[in-house]
Amino acid sequence: MPNAKVILSHIIDVVSGDIITKRGIDKRLPFIIYIFFLIILYIIWGLMVEDRMTIIRDNEKEIETLKIEYYQKELTLTGLNQKSKVENLLLQNGITDLKAPVDPPQRIFVNDAQ
């Protein structure tokens with residue numbers, strides 16, 4: 001078990017900064033700064049990726065909401081396209097002059113008389 005004086009001297013070396021010169025850390029300082037810089041970049045990169053993923057998730061939720069809205073409107077418009085619905089809407093709006101055709105549509109041929 002280390003002596004209390006040895007532990008105290010190590011603590012004093014760390015606090016005073018003498019540990020850098022006694023252990024030769026000053027020679028390795030550029031490498032330590034480089035590693036620290038890489039760690040900072042890694043943290044920043046991770047935060048940026050999280051922000052992008054949050055934006056992507058929000059956009060996907062918005063797209064799903066818009067798809068549901070689109071399908072609801074399409075269903076409503078498809079329902080309004082039925083012949084009976086159109087006749088009922090015309091009657092509700094007071095337009096009684098329009099009647100459904102009895103004869104099917106016919107093709108009209110035009111001869112080019114030149």
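Every read-out reported here was derived from the displayed coordinates using simple, explicitly stated rules and does not represent laboratory data. Being a predicted model, the structure only gives us computed values, none of them experimental. All Cβ positions, even for glycine, are placed from backbone atoms using ideal geometry, and neighbour counts span all protein chains on display.
At-a-glance table
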read-out: Degrees, to the nearest 10: 4-16 long Cα axis against longest axis of the chain; value: 60 degrees
read-out: Candidate lysines for bridging to K85, where Cα separation is under 20 Å - those fewer than 8 sequence places away on the same chain excluded; value: K73, K99
read-out: For Rg/Rh (Cα atoms, Kirkwood Rh), calculated from these coordinates, the label among [x] 1.39; [y] 0.93; [z] 1.68; value: [z]
read-out: Inter-probe distance in nm under a simple model that places probes 7 Å from Cα toward Cβ, at F109 and E64; value: 5.8 nm
read-out: Principal-axis tilt of helix 83-92 within the chain, Cα atoms, nearest 10 degrees; value: 80 degrees
read-out: Degrees, to the nearest 10: 25-80 long Cα axis against longest axis of the chain; value: 10 degrees
read-out: Computed [θ] at 222 nm, deg cm²/dmol, the chain (DSSP H ≥ 4; -39,500 (n - 2.57); rounded to nearest 500); value: -25500 deg cm²/dmol
